[in-house]
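The structure appears right after this line, and notes come after that.
The values are calculated or read from the model by the stated rules, or taken from the named source; none is laboratory data. All values reported here derive from a predicted model rather than from experimental measurement. Don't worry about glycine lacking a Cβ; one is built from the backbone with ideal geometry, like all the others, and counts go over all protein chains shown. When the accessible area is computed, the model is the full protein with side chains, heavy atoms only, and any ligands, DNA or RNA have been set aside. Shrake-Rupley method; radii C 1.70, N 1.55, O 1.52, S 1.80 Å.
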Amino acid sequence: MRRLDAEALRDLARGAAIFGAGGGGDPYLGQLAALRALDEYGPPVLASADELPDEDLVLMAIMVGAPVPLVEKLAFGDELVSAYRAATEFLDRPPAAVMSPEIGGINSILPVALGAQLGLPVVDGDAMGRAYPEIHQVTMTLFGVPASPFALADEHGNTLVIRGATNEWVERLARAAVMEFGAICPGVGYAVPVERLREAAILGSVSRAEAVGRAMRLARARKTDVIDAVLEITGGLRCFTGKVVDLDRQTRRGWSLGQAHIDGTGEHRGTRMTIRFQNENLVAAVDDEVVAMAPDLITVVEQDEGTAITTEHLRYGLRVAVIAIPCDERWRTPAGIALGGPRHFGYDLDYVPVERLAADRRRPSPAHD
């Protein structure tokens, strides 16, 4: 176990934005909440799953809803603890640790703030290895871990505990409730013993995000390429560079839905990339040729600074680079592709790993007589 100081929290927020794939909410807001918890309650403790007893219960905290309202509606106050307490009323024993279902964006930081406030360790891991828009899109679902009881709370003192027949039903019911709770609010669920967590979770992802954020900070200090530093750790690929020229973004059904158009610069001049998103970036195509798709991560970053840009902060005129990062192998299984691949979101595409798509683009076309 180790304690996270202010610099570690900033590194974590910076790296988690990369793994958010455009979603997960603005990690800077989560960083502010974690730093406040650090000041009030002391440094949060990060623990590996191997450091916890098999029978210990871990509870997960996550923001549910569209990230755009989060810019004005900071849901990190009493409602987070209220959701936690509402969920624990339906458990047979108190949780011994907390964890995030997704390492991307603000949701990587949320349990850190909660753990500091409650005096509980935060497990070094998550259940996505990225960010996804739906509650049931987690490796826990692939391994049969129920989301229920799943609690929601808002700033008005309302709480709701859902016992869904399946994790997909928890998503459907929670999504409807969140619209009444202001389009975004904290949720707490997926109580799981550490013994099951070890096989179902993506372990070490908090440390990995922190390492990415640290590499970005050091690259800036050394005046070296920040994006190259990210790609070295993540094994990702630089897919495109250009300028955002058009953006269609709407908040509907508790999601931020839309697409961004980026005109190429440099070696990509004369081409256009289109990114389609549902909170997270899901499909990226250059002149109608798909170059990356979920469950692989598609992240838009500032061209010079390398800072990740979430979908709610995309705007006309930004000069950006687009990187793609291979997802965790669990998502490349038939069950993982069905739950997190392009067809789940309504795209008529068969999943192809990003590295294979890149190799196909580099392969010369056959000569014709």
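With n ≥ 4 as the cut-off for DSSP H runs, can you work out [θ] at 222 nm for the chain, using -39500 (n - 2.57) per run divided by the number of residues, rounded to the nearest 500?
Theoretical 222 nm ellipticity from helices: -9500 deg cm²/dmol.
If you average 1/r over every pair of different alpha-carbon atoms in the chain and take one over that average, what Kirkwood value in Å do you get?
The answer is 20.4 Å.
Quick query: amide H of Ala292 versus all other amide H atoms, modeled in the peptide plane; which residues come in under 5 Å with a sequence gap of 5 or more or a different chain?
Under 5 Å from the amide H of Ala292: Ala284.
Determine the dipole magnitude for the chain: charges of +1 sit on the beta-carbon of Lys and Arg, -1 on that of Asp and Glu, nothing else is charged, the reference point is the Cα centre, and the result goes in debye to the nearest 20. Before the final figure, lay out each step's value.
Working: 37 positive and 51 negative charges, 117 e Å.
Magnitude of the dipole: close to 560 debye.
Could you please put Glu180, Glu199 in sequence from largest to smallest accessible area, using a 1.4 Å probe? The partial results should precede the final answer.
Numbers: Glu180 155, Glu199 95 Å².
Sorted by accessible area, descending: Glu180, Glu199.
For the range 36-47, take each phi angle, set θ = phi - 60°, evaluate the Karplus expression 6.51 cos²θ - 1.76 cosθ + 1.60, and give the result in whole Hz per residue in order, putting x for glycine and proline.
After applying 6.51 cos²θ - 1.76 cosθ + 1.60, I find 5, 5, 4, 5, 7, 10, x, x, x, 9, 9, 10 Hz.
Under 14 Å from the Cβ of Val145, count the other residues' Cβ atoms, weight Lys and Arg +1, Asp and Glu -1, and hand me the total.
-1
Solvent-accessible area per residue for the range 221-357 at a 1.4 Å probe radius, Å²? Write out the running numbers ahead of the final one.
Values: 6130 Å² over 137 residues.
Per-residue value: 45 Å².
Using the Karplus curve 6.51 cos²θ - 1.76 cosθ + 1.60 with θ = phi - 60°, what ³J(HN,Hα) values do you get for each residue of the range 226-233, in whole Hz, with x for Gly and Pro?
After applying 6.51 cos²θ - 1.76 cosθ + 1.60, I find 5, 5, 4, 5, 5, 5, 5, 7 Hz.
At 1.4 Å probe size, with the rest of the protein present, what percent of the exposed accessible area of the range 107-251 is carbon and sulfur atoms?
Working: 2560 of 5330 Å².
Using a 1.4 Å probe with all protein chains present, the range 107-251 comes out at 48 percent carbon and sulfur.
Near the amide H of Phe240, under 5 Å away, which other amide H atoms are found, from residues 5 or more places off or on another chain, if H is placed in the peptide plane?
HN-HN under 5 Å from Phe240: Val322.
Would you list His156, His313 from the most to the least accessible area, probe 1.4 Å?
His156, His313
Ranking request for peptides 144-150, 269-275, 338-344: highest mean number of other beta-carbon atoms within 10 Å first, then the rest in descending order.
Going by the mean number of other Cβ atoms within 10 Å, highest first, we get 144-150, 338-344, 269-275.
Could you derive backbone 3J(HN,Hα) for the range 242-247 from the dihedral phi with the Karplus parameters 6.51, -1.76 and 1.60 (θ = phi - 60°), listing whole Hz in sequence and x where the residue is Gly or Pro?
x, 10, 5, 10, 7, 8
Residues with amide H under 5 Å of Ala191's amide H, sequence separation 5 or more or different chain, H placed in the peptide plane at 1.01 Å from N; which?
Met60
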